[in-house]
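First comes the structure, then the notes that go with it.
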Amino acid sequence: MITGTEWIVIIILILALLIFGPSKIPELAKAIGRARREYEKAARGEEEREEREEEKIRALAKELGIPTEGKTTEEILSEIKKRAKSAS
């Protein structure tokens, strides 16, 4: 039995065929696939950049003698800022 959600998908597919024609559907699918890959690649790059920044913050804290175990990055940054102000 076809449910409500399946009917919506079927209607969208029929409308896509009517609007774009059968020859354009593969091109649209390829374009959607490329866009999705680019989005996922950008998302992974952002995660990697954040991890590298966190590693740099923890390395700086160790150089300053600030313990990092059990602390969030924000807490570590706060302590680094306090040290920098007191050193000035």
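Please treat every number below as a calculation from the coordinates, not as lab data. The structure presented is a predicted model; accordingly, all values stated were derived computationally and were not measured. Positions of Cβ are backbone-derived with ideal geometry, glycine not excepted, and every protein chain shown enters the neighbour counts.
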Theoretical ellipticity at 222 nm over the chain - DSSP helices of four or more residues, -39500 (n - 2.57) apiece, nearest 500: -29000 deg cm²/dmol
Helix 4-20 axis, angle to the chain major axis (alpha carbon atoms, nearest 10°): 70
For the chain, size of Cβ-based charge dipole, Lys and Arg +1, Asp and Glu -1, in debye: 280
Extension gain (nm, one decimal) between Ala29 and Arg83, 0.36 nm per residue minus Cα-Cα: 14.0 nm
Pair Ile2, Glu69: separation of 7 Å Cα→Cβ label points (nm): 6.3
Estimated distance in nm for a label pair at Val9 and Tyr39, the labels positioned 7 Å out from Cα along Cα-to-Cβ: 1.7
Entry for mean projected area of the Cα convex hull in nm² (calculated from the structure that is shown) out of [x] 7.4; [y] 11.2; [z] 6.6: [y]
